[in-house]
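Everything below concerns the one structure shown next.
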Amino acid sequence: MGKDHRVISAYTDGACLGNPGRGGWAWAVPDGPFSSGADPATTNQRMEIRAALEAVTSLAGPLEVVSDSTYVVNCFRDRWWEGWLARGWRNAAKQPVANRDLWEPLIDAVRADPARVRFRWVKGHSGDPMNDLVDRLAVEAATTGAGRRGEGTPARLGPADAPGVRHAPAASLDALDALDPRVPIGHRLVVAGERPPGMGGYADNPVARRAGDWLLALVRVLAGQHPDLHVLTGLGLGAEQLGAAAALEAGVPFTAVLAFPGQDRVWPAAARQAYGALLDRAVGQIVLQHKAPSSPAAVGAALGRRDDWLARHAHQAAVIWSGEPGAVARQVRSLQDHLGDEAVWVHTPPS
């Protein structure tokens, strides 16, 4: 292949039975070689990186890596890796870059000949036969615990989009990589984070005002970069409502993504009034569960499903987070797992 200067397209994919759990990776070239492998304890994102790494280091000559992982593609398209190296392998939030042990050899391999490798995103489960092929190979490897290699189209492939394989355990929402038809068109920014106890209290206060100013500045910058910017917010008290207010002030549309109807029914009257005013100014409402939960545990589960929906339908996220463990910490990790560290902006309020 060294004398052939035609660009080879290598499709890659990763899968995980649970996240973390048993995983598989795969790459395949149309009418050419394919390879897959397994890992007994891993994550979906690690398998996506591993698939790209295996393709880049296994195939010679000009190469186009085609992946349905924005985590992988955006690292090179938006050159996240340059910031990681400049900051000593820390991300924009000054935290250690996740999965460095896989990112580092992949980045080194691409940097060794920058003109040789390019990356292209393809929508997962959209009917692309090669994307479906590597999905099935990765799922097979994760399921059986063994990979394989060969030429052409492999036989005896299992089903694509197997339950629990993609970004979450089997108990999560169905159609894990398919966009909800209600999702607004555009570059979607999720705003999430702390509720009033972590925002200086329920009343107006300097901590909340500074967080609101940070969100407004970020929304304005992103609107300049993405004229089709659209904010998604759950409209809960605290950071979520600050996100809606920032969108309104910046002239950016926002959609309210509600875990269930009547989420404000236990709030004080003033809070309910403010919520209603914001809801009236949303360009759309998406209610994920049409019956109000009947217990605190059910409320928590509904909010968890809402957070998962937001992570799967976003391009970027802005989170107000105190840095403490808890629900917001879990949401930050989920967003970073789905979108990549560099696509998640975190503001830490002063303690």
Across segment 313-351, what is the total count of residues that are of a type outside the set (Asp, Glu), more than 14 Å from Leu189 (Cβ to Cβ) and in contact (Cβ under 8 Å) with a residue 40 or more places away in the chain?
8
Is there a residue being at pLDDT 85 or above, surrounded by 13 or more Cβ atoms within 10 Å (Cβ to Cβ) and over 15 Å from the mean Cα position of the chain (by Cα) anywhere in segment 167-182?
yes
I want to confirm something. Restricting to segment 208-247 and keeping residues that are surrounded by fewer than 17 Cβ atoms within 10 Å (Cβ to Cβ) and of a type outside the set (Lys, Arg), which single residue is nearest to Ser322 (Cα to Cα)?
Asp213
Restricting to segment 43-82, name every residue that is free of Cβ contacts under 8 Å to residues at least 60 places away in the same chain, more than 17 Å from the chain's Cα centre (by Cα), within 21 Å of Arg148 (Cβ to Cβ) and assigned to a strand (DSSP E or B).
Val65
Of everything in segment 71-98, what is polar (S, T, N, Q) and surrounded by 18 or more Cβ atoms within 10 Å (Cβ to Cβ)? Give them in sequence order.
Asn74, Asn91
Does Ala270 satisfy the condition of being free of Cβ contacts under 8 Å to residues at least 24 places away in the same chain and either assigned to a strand (DSSP E or B) or not basic (Lys, Arg) (or both)?
yes
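Yes/no matrix, rows are residues, columns are (1) over 30 Å from Arg90 (Cβ atoms); (2) out of contact with any strand residue (DSSP E or B) (no Cβ under 9 Å at 6 or more places or on another chain):
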| residue | (1), (2) |
| --- | --- |
| Arg265 | yes, yes |
| Pro268 | yes, yes |
| Val287 | yes, no |
| Ser294 | yes, yes |
| Ala302 | yes, yes |
| Ser334 | no, yes |
| Asp337 | no, yes |
What about Glu342, is it exposed (fewer than 14 other Cβ atoms within 10 Å of the Cβ) and either in the same structural domain as Arg77 (by TED's automatic domain parsing) or under 30 Å from Leu85 (Cα atoms) (or both)?
no
Kindly establish whether Leu310 is surrounded by 21 or more Cβ atoms within 10 Å (Cβ to Cβ), closer than 23 Å to Leu216 by Cβ and at pLDDT below 90.
no
Looking at Gly243, Gly234, Gly262, Gly238, which one is within 19 Å of the chain's Cα centre (by Cα) and closer than 15 Å to Leu303 by Cβ?
Gly234
Out of the residues in segment 92-143 that are under 20 Å from Asp78 (Cβ atoms) and of a type in the set (Gly, Ala, Ser), state the one that is modelled with the highest pLDDT.
Ala109
Suppose the filter is within 21 Å of Arg312 (Cβ to Cβ), of a type outside the set (Asp, Glu), within 27 Å of the chain's Cα centre (by Cα) and at pLDDT below 90; does Gln289 pass it?
yes
Has segment 193-201 got at least one residue that is more than 18 Å from Val332 (Cα to Cα), buried (at least 18 other Cβ atoms within 10 Å of the Cβ) and modelled with pLDDT under 95?
yes
Inspect all residues belonging to segment 287-307 and state whether any of them is charged (D, E, K, R) and more than 23 Å from Thr70 (Cα to Cα).
yes
What about Pro293, is it in contact with a helix residue (DSSP H, G or I) (Cβ under 6 Å, 6 or more places away or on another chain) and surrounded by fewer than 18 Cβ atoms within 10 Å (Cβ to Cβ)?
yes
Which of the residues spanning segment 83-106 are in contact (Cβ under 8 Å) with a residue 24 or more places away in the chain and either assigned to a loop (DSSP other than H, G, I, E, B) or out of contact with any Cys (no Cβ under 8 Å at 6 or more places or on another chain) (or both)?
Gly83, Asn91, Ala92, Ala93, Gln95, Val97, Ala98, Asn99, Leu102, Pro105, Leu106
Suppose the filter is basic (Lys, Arg), free of Cβ contacts under 8 Å to residues at least 60 places away in the same chain and closer than 18 Å to Leu102 by Cβ; does Arg22 pass it?
no
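The values are calculated or read from the model by the stated rules, or taken from the named source; none is laboratory data. Quantities reported herein were computed from a predicted structural model and do not represent experimental measurements. Here Cβ is always computed from backbone atoms with ideal geometry, including for glycine, and neighbour counts include all displayed protein chains.
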